[in-house]
1. Just wondering, is there one or more residues in segment 94-105 that are surrounded by fewer than 14 Cβ atoms within 10 Å (Cβ to Cβ), on the phi > 0 side of the Ramachandran plot and in a strand (DSSP E or B)?
2. Can you pull out every residue in segment 109-132 that is assigned to a loop (DSSP other than H, G, I, E, B) and open to solvent by 30 Å² or more (accessible area, probe 1.4 Å)?
3. Do we have any residue at all in segment 207-230 that's touching a His at 6+ places or on another chain (Cβ under 9 Å) and closer than 23 Å to Val172 by Cβ?
4. Condition test on Gly65, is it surrounded by fewer than 19 Cβ atoms within 10 Å (Cβ to Cβ), without any contact (Cβ under 8 Å) to a residue 24 or more places away in the chain and farther than 21 Å from Asp304 by Cα?
5. Can you give me the number of residues within segment 271-286 that are assigned to a strand (DSSP E or B) and exposed (fewer than 15 other Cβ atoms within 10 Å of the Cβ)?
6. Hey, any hits in segment 291-306 for a residue that's over 19 Å from the mean Cα position of the chain (by Cα), open to solvent by less than 50 Å² (accessible area, probe 1.4 Å) and at pLDDT below 85?
7. Just checking, does segment 120-132 include any residue being at pLDDT below 95 and more than 20 Å from the chain's Cα centre (by Cα)?
8. Take residues that are buried (at least 22 other Cβ atoms within 10 Å of the Cβ) and tell me which of the strands (runs of 3 or more DSSP E) falling wholly in segment 171-234 contain 3 or more.
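The values are calculated or read from the model by the stated rules, or taken from the named source; none is laboratory data. Quick caveat: nothing in here was measured; it's all calculated off a predicted structure. Backbone-built Cβ (ideal geometry, glycine too); neighbour counts: all protein chains shown. Surface areas here come from the heavy atoms of the whole protein model, side chains and all, with no ligands, DNA or RNA. Shrake-Rupley method; radii C 1.70, N 1.55, O 1.52, S 1.80 Å.
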Amino acid sequence: MRRGVLPLAMSAVMVLGVALQAGSTFAQITSTNMEYDVTWTLDPRDYEAPLFQTTAFGARSVLAGMDFDGDGNKEFLFTTDETLAPEGPDPGFLEVYLFEADGDNSFSYVWHYRHTEGSNSLPPIGYGDIDADGLEEIYFGIPTINGDPNDVFIFEESAATGGSFPAAPSEVWAPRVDGSLDFRPSGFQLADVDGDGDVELLMTSRTSLARELVVAHYDGDLGSGFGNFVIEYELGEDDLGGGAVYDVTAVDYDGDGQMEIWVNTWDNWQMAVVEASGPDAYSLVLKLDSIYDFDDAGSFNSHDMFFQNIDDDPGLEAWFPMTDGYLYFLDDHSDVSSLTAADITPVLRWEGGQVARGASVGDLDNDGLWDIIVEAGGLINSPGCGACPGVHTGILADEENCLSTLNRNFKGRMGNPRANIYLASPATCAAGALAGEIVDVRKVMSHGR
């Protein structure tokens, strides 16, 4: 999107109410039609220099709910990548922003950092207090650029300035000193995984043919010039290869007192689970390798995976909204290493086979049931004729509905005889794109849109 509003109309947000049937080991998941109002949007054009001065605006990762300065007002972080915007430049500039609530449905700018060189790498963000000094840090991932191996940029809040963050990084880290290795951070988590009192930074890299998980702690006082990162564990391409890695989570899923690190590879539903057995001691205990081939399932939330105890028993359950358009469910188990592909169950598919590219979980309506909030988005492609005969650029899925300005229609016209194709005028198609369903264009025009 060229210097425009966040593309809310380009995707659908689905809210799923979750409950358990009595005596059943699987979740009953029901799609709801709850109505929500958009209470605030961010338009980059409303801000003056030096904010949002890129030629295009592509939002990436979002983290919310923190209160870094302790003033009782919640904040949220998000990253931008110019290359994600339609027709955005490549390379483009990467930025991270912090906004804070300043009233009812009102948010204001607090801080930002723009990297000085262009890139294109879906930058990850994270936050935590890795050196246990009571001051939070923001972590921002930058890929190797022109051989510069500094890929992790860390900003520590200052007690002297009321908890504000510096304009320049407090410290940078090169996980791989050799810049030719092209380390590309794609996911961050911070947690004391091995129970030794040190917070670890869990980091994935999506470098092609060199996917990695790196676990490290910090020895010393961050930003003082006298500390350094110490790598505790690494997992590489042999176990993570096949596709990009984005999502990483730390959790004690099986309740044995030993935390696990779950890493998803975007390769037909692939998951690696590493378990901590003591200080700085880790081992790969599970690898589920390409267990579903519906449509190359990958987890692309860019932050947490979703483990919750929804039925008040001792164990955790998990949900995985994937890019193949399916929601997968995992019931509780007493030993994570014994999981098999049969334990991962597809329980729901988004209408029309839409992909999941972001999700969260909580009880939005306070009814005692967990809600899974899924961004099940659409795609905006360049003009072309590939989709019309069903050659490329988004072949329709079974029972998927398409509203088109094609000049003729017949079974299988767009590549799938089990899809539904509706022909309409350009105005009706434009109205449908705004509404997310087939509507009467006169009703849209009557609302001044």
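1. yes
2. Pass one, segment 109-132, residues assigned to a loop (DSSP other than H, G, I, E, B): 115-118, 120-124, 129-132.
Listed by number, the residues that qualify are Thr116, Glu117, Asn120, Asp129, Ala132.
3. yes
4. no
5. Qualifying residue count, segment 271-286: 4.
6. Just the residues of segment 291-306 that are over 19 Å from the mean Cα position of the chain (by Cα), to begin with: 291-294.
Within this subset, residues satisfying the condition of being open to solvent by less than 50 Å² (accessible area, probe 1.4 Å) are 291-292.
If we keep only those that are at pLDDT below 85 too, we end up with none.
Looking through segment 291-306, none of the residues is over 19 Å from the mean Cα position of the chain (by Cα), open to solvent by less than 50 Å² (accessible area, probe 1.4 Å) and at pLDDT below 85.
7. Checking segment 120-132: not a single residue is at pLDDT below 95 and more than 20 Å from the chain's Cα centre (by Cα).
8. In segment 171-234, the matching strands (runs of 3 or more DSSP E) lie at 185-191, 200-205, 212-219.
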